[in-house]
Amino acid sequence: MNQTSLKPVSVSQLNLYLKNLVQADPHLKTVCVEGEISNLTLHSSGHIYMTLKDDSSAIRAVMFRGYRASLKFIPKNGMKILVIGDVNVYDKTGTIQIYVTKMMQAGIGDVYMQFEELKARLQKEGLFSESHKKPLPKYPSRIGLITSPTGAALQDMKNVIRRRYPLVEYTVIPTTVQGQEAASDIVEAIRRADAMGFDVMILARGGGSLEDLYVFNDETVARTIYACETPIITGIGHEIDFTIADFVSDKRAPTPSAAAEIAIPSTEDVLMDLMNSEQKLNQKMQMMLTTFESKLKLASSRIESHSSVRISGTLSRLDVMKHRLSGLVTMLLNDKGSKLKIDMEKLNASNPLELCRKGFSRVTKEDGSPLSRARDASKGDRLYITLPDGRIVSEVREIEEKDYGTDV
């Protein structure tokens, strides 16, 4: 190619092109590099600038202030370190450098790699899954504090409990939190606490170095936390410290004090909840009363309307029945009257007085017995003859017996 045909590019364009190439390379993302610190600058802005070198080569490195807060040591020239970060191009100078997110002293690198390996494996198994995490009770009555009985973490948690929610009952389950035997002690303490029926448990210890906190990266401790039936909160170290136990627990708190604050409500919050509940209850009751009142008015109106219709219909039916009953009574009275008239006529026909009015009379003896045959009278008997207008007293002077052809 003819060199005169080459189109020149600016330095900025070249550096930008190189930067894009580096950024597109996945092998330059999250690299882990070991080397010795030289040309160290702890800038007043909080950033750390340095060169990382070995026996035959060197590369620039920078750690910004936000990541510097996680350091457990003060970097110094000549110190062997392990850094994790992304390789990129600083386009203003065309310098390739490592943008560091984590820094640790040499020798700790193996520990960190073990931590990352275990973290990845447990995460793949689902031990960190949100779906497995148990909800925390809003108003616990009993709390188990799994921690060192002599550590500052216990006092911090007690202070928070006394200040925020003194009604809660807490029990200390003592355990060592550092050293070779600490992992088995912590496992035993967690299992013992889980069987004691607490509403929630707190696994806590104060701050320390990576080696001090490494016991909480133990796989057995992680699986024991995962198997717990009781919700468990971890408050291990400081805010920048993360352990495997934190990822497995139901809730991670940055410090032991914060764990206690998460586990219990404050008295003020409880009072506020009660006031809100009372207000909501009053509103709901008022709504229910208003609804019932409306329903009652509607029901009353329907009953009144229905009753009016029913009463009107009943009155109409009663009026019809009244007329029917009146007609039946009239018919019955007429029928009874006709029968009574006939009976009266029959009675009158057999009435002695009526017979008397036809010329007949009633004759009785002195003792009141009727005289129906002449032969029953004796000469000299006093007889009483009853007529329509009075009675005649007579004496039998003579008896004449005749046969009228009837057997009386």
Just to be sure before I move on: is ASN334 closer than 30 Å to LYS138 by Cα, without any contact (Cβ under 8 Å) to a residue 12 or more places away in the chain, in a helix (DSSP H, G or I) and not assigned by TED's automatic domain parsing to the domain that holds PHE198 in the structure I sent?
no
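Please find, among ASP156, ASP86, the residue that is touching a residue at least 60 places away in the same chain (Cβ under 8 Å) and among the acidic types (Asp, Glu). Show your work before the answer.
On the way: ASP86 fails: touching a residue at least 60 places away in the same chain (Cβ under 8 Å).
Testing whether each residue is touching a residue at least 60 places away in the same chain (Cβ under 8 Å) and among the acidic types (Asp, Glu) leaves just ASP156.
Looking at segment 128-156 only, could you name the residues that are surrounded by 19 or more Cβ atoms within 10 Å (Cβ to Cβ) and assigned to a loop (DSSP other than H, G, I, E, B)? It would help to see each step written out before you state the result.
Within segment 128-156, the first condition is being surrounded by 19 or more Cβ atoms within 10 Å (Cβ to Cβ), and the residues that meet it are 140, 143-148, 153-154, 156.
Across segment 128-156, the qualifying residues are PRO140, SER148.
Would you mind stating whether ILE202 is surrounded by 14 or more Cβ atoms within 10 Å (Cβ to Cβ), in contact with a Lys or Arg (Cβ under 9 Å, 6 or more places away or on another chain), outside any helix (DSSP H, G or I) and in contact (Cβ under 8 Å) with a residue 60 or more places away in the chain? Before the answer, list the steps.
Details: surrounded by 14 or more Cβ atoms within 10 Å (Cβ to Cβ): yes; in contact with a Lys or Arg (Cβ under 9 Å, 6 or more places away or on another chain): no; outside any helix (DSSP H, G or I): yes; in contact (Cβ under 8 Å) with a residue 60 or more places away in the chain: yes.
Here the answer is no, as ILE202 does not meet what is asked.
Every residue, every condition in (1) outside any loop (DSSP other than H, G, I, E, B); (2) loosely packed, with under 13 Cβ neighbours inside 10 Å; (3) modelled with pLDDT of 90 or more, yes or no:
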{"site": "LYS158", "(1), (2), (3)": "yes, no, yes"}
{"site": "THR176", "(1), (2), (3)": "no, no, yes"}
{"site": "ALA193", "(1), (2), (3)": "yes, no, yes"}
{"site": "GLY208", "(1), (2), (3)": "no, no, no"}
{"site": "PHE216", "(1), (2), (3)": "yes, no, yes"}
Considering every residue within segment 236-259, establish whether at least one is more than 30 Å from VAL215 (Cβ to Cβ), part of a helix (DSSP H, G or I) and of a type in the set (Val, Ile, Thr).
no
Segment 110-130 residues that are touching a residue at least 60 places away in the same chain (Cβ under 8 Å), paired with ones that are charged (D, E, K, R) (beta carbon under 8 Å, 6 or more apart):
VAL111/GLU211; TYR112/LYS102; LEU118/GLU219; LEU122/GLU219; LEU127/ARG223
Test ALA183 against the stated conditions and say whether it is crowded, with 19+ Cβ neighbours inside 10 Å, of a type outside the set (Ser, Thr, Tyr), out of contact with any Leu (no Cβ under 9 Å at 6 or more places or on another chain) and under 27 Å from SER70 (Cβ atoms).
yes
Can you tell me which residues in segment 91-127 are under 38 Å from the mean Cα position of the chain (by Cα) and surrounded by 15 or more Cβ atoms within 10 Å (Cβ to Cβ)?
LYS119, LEU122, LEU127
In this structure, is GLY78 at pLDDT below 90 and closer than 23 Å to GLU211 by Cα?
yes
What do you reckon, is VAL270 surrounded by fewer than 19 Cβ atoms within 10 Å (Cβ to Cβ) and touching a residue at least 24 places away in the same chain (Cβ under 8 Å)?
yes
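So which of PHE198, PHE242, PHE292 ends up being aromatic (Phe, Trp, Tyr) and over 27 Å from the mean Cα position of the chain (by Cα)? Can you show your working first?
Details: PHE198 fails: over 27 Å from the mean Cα position of the chain (by Cα); PHE292 fails: over 27 Å from the mean Cα position of the chain (by Cα).
From the options PHE198, PHE242, PHE292, the qualifying one is PHE242.
Among the strands (runs of 3 or more DSSP E) lying completely within segment 1-82, list those that include at least 3 residues that are touching a Leu at 6+ places or on another chain (Cβ under 7 Å) and touching a residue at least 60 places away in the same chain (Cβ under 8 Å). Before the answer, list the steps.
Working: elements: 31-42, 48-53, 58-63.
Correct list: 31-42.
Mind listing whichever residues of segment 123-154 are of a type in the set (Asp, Glu) and closer than 23 Å to ALA183 by Cα? I'd like the intermediate steps shown before the answer.
In the first step, residues of segment 123-154 are kept if they are of a type in the set (Asp, Glu); the result is 125, 130.
Residue satisfying the conditions is GLU125 alone.
The values are calculated or read from the model by the stated rules, or taken from the named source; none is laboratory data. Keep in mind it's a predicted model, so treat the numbers as computed, not measured. Neighbour counts run over all protein chains shown; Cβ positions are idealised from the backbone, glycine included.
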